[in-house]
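Everything below concerns the one structure shown next.
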Amino acid sequence: MKSKSVAIIIYLLFFNKIAFAKEGMPQLNPEFWLSQILWLTIIFLILYFLIQKFFSPKLFALIDSRTNFIKSLLEEAELCKNQIQKLENEHNLIITEAKNEAKKISIKLKNDFNDKISLKRKEFENILNSETLKAEQEINNFKKQTLENIQNIAGDFSKELIEKITGVTPNSSNLNAVILEISNKEKKSQYV
Amino acid sequence: MATNPMQQFEVHRIGPSLSFNGVDLSFTNSSFFMLISSILIIIFFVAGTRRVNIVPSKIQLLNELVFNFISKMINETVGPNARPYFPFILTIFLFILTLNMVGLLPYAFTVTSQIIITFFLAIVIFIGVTIVGFAKNGIGFLKIFAPSGVPIFLFPIIVAIEIISFLSRPISLSVRLFANMLAGHTMLKVFGGFVVSLGIVGGWLPLSFSVALTALEILVAFLQAYVFAVLSCIYLNDALNMHH
């Protein structure tokens, strides 16, 4: 279809141009063809010259300078990025070191604290033990003394009782021996 | 008002008659609109490149847009070795685009609807590309007619087809632009005539068609300029980077 229409146009242009021009295609009137070619050449060449000599180099230079500018900015940004990376690494290193140091201090403090605590505990236990011993000794003494008092009271009471009942004063040493024997028996029966 | 839709393509003399050896070289309406288009292009570039900055102004941005568009097109079709031909392709593209666009204005003349103009541009490109081809490749440029890997019995036919294809380049290049402009403007004129003849009652439909056609013609104007420039680049590519 396209080739057919092209063929028709070629035929009309080259083989039937005068007839067609008369019928209605003013483009095929060759009267001003050379004039148009001449003016086209002049105007096109002037335009081409201006674009090639002035506008094109200016725009090329501008685009190149912008490209270089952007390139330099990108390089600078890359440099900054590397510096930031370096600083970040240093920062991370410092943080890690600080953490380790803090850990060490914490462990040391913990150990010191534990040592102090155990020391204090030992001291406290010693005090407690000595106090306990003292208290036990006091209790024993008190017990002993109480027992003696009880035996004396029991002897005195028995003496008075026997005196009142029999009117005879018993021998104190015999009475005390009897009471001691009874109290020993009592003790034994309690432990059994 | 002219009723003949072809009347808009008539070339007539402007100003005094100028002839050389009996050949009329007068300044015509076609030449006038070529001049107007060129002045517009120059104004466009002067305004865009007067004060160039790294951060561009609007007009500078527009300049750079056109510049980069053509630069990219040439790089994609021909490659980086086509930089010396960049101003020529840029001039061709802008010249045809401006001629097409100016031709769409009411009462303006469409220079690219003249077959002699498009044919002359095409033949200049054809001859230029052929010269570049021979200058770059010497007699080896003739290999363009002999593709490699063709069976020997098909070789004469293929060579003949390639020669015809090569020689028809200026015709196809020029007729494509000419025919598109001619058809578009004729249609616009016909529909414009309908608007007038049908009057205020029935003229709305052809008017809306005219508006739509104008939009289409703006697209065609750009597209044809682009196609002309791209095909010029492709022909240049054949001359610079021979693949056969």
Per-residue mean of other chain beta-carbon atoms within 10 angstrom of the beta-carbon, peptide A:55-64?
6
So what's the gap between the Cα centers of region A:126-192 and region A:38-112, to the nearest angstrom?
106 Å
Listed by chain and number, the residues whose amide H is under 5 Å from that of B:Thr28, excluding neighbours fewer than 5 places away on the same chain and using placed H, are B:Ile14
Which whole-number percent of Cα pairs in chain B have a distance greater than 23 Å?
61 percent
Cβ-Cβ FRET estimate between B:Val150 and A:Asp64, R0 fixed at 51 Å, reported to 0.05:
0.70
Compute the long axis of helix B:204-240 from its Cα atoms, compare it with the longest principal axis of the Cα atoms of chain B, and write down the angle in degrees, 0 to 90, nearest 10.
20 degrees
Over 24 Å between C-alpha atoms is what I'm after, so list which of A:Lys144/A:Lys188; A:Lys120/A:Lys144; A:Lys144/A:Lys187; A:Lys134/A:Lys188; A:Lys71/B:Lys136; A:Lys134/A:Lys185 land there.
A:Lys120/A:Lys144; A:Lys134/A:Lys188; A:Lys71/B:Lys136; A:Lys134/A:Lys185
Rounded to the nearest 0.05, what FRET efficiency is calculated for B:Ser168 and A:Asn82 with R0 set to 60 Å and r the Cβ-Cβ distance?
0.50
Chain A: translational diffusion in µm²/s, Stokes-Einstein, Kirkwood Rh over Cα pairs, 25 °C, 0.890 mPa s:
76 µm²/s
What is region B:7-240's relative contact order, in percent, from Cα pairs under 8 angstrom and six or more apart in sequence?
24 percent
Hey, can you rank B:138-144, B:64-70 by average C-beta count inside 10 Å, highest first?
B:64-70, B:138-144
Expected integer from the mean partner chain Cβ neighbour count at 10 Å over B:111-124 is 4
Rounding to the nearest 10 and keeping the result within 0 to 90°, find how far the Cα-based axis of helix B:29-49 lies from the longest principal axis of chain B.
70 degrees
Considering the convex hull of the alpha carbon atoms of the protein assembly as shown, report its projected area averaged over all viewing directions, in nm², one decimal.
61.6 nm²
On Cα atoms only, tilt of B:115-137 relative to the major axis of chain B in degrees:
20 degrees
Suppose each label sits 7 Å from its Cα in the direction of the beta carbon; what would the B:Ile234-B:Val159 distance come out to in nanometres?
2.5 nm
Per residue of B:35-41, count partner chain C-beta atoms within 10 Å of its C-beta, then hand back the mean as an integer.
3
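Values in this text are rule-based calculations from the coordinates and carry no lab data. Every value quoted in this text rests on a predicted model; they were computed, and no experiment measured them. Note that we place each Cβ from the backbone using ideal geometry, even for glycine, and neighbour counts take in every protein chain shown.
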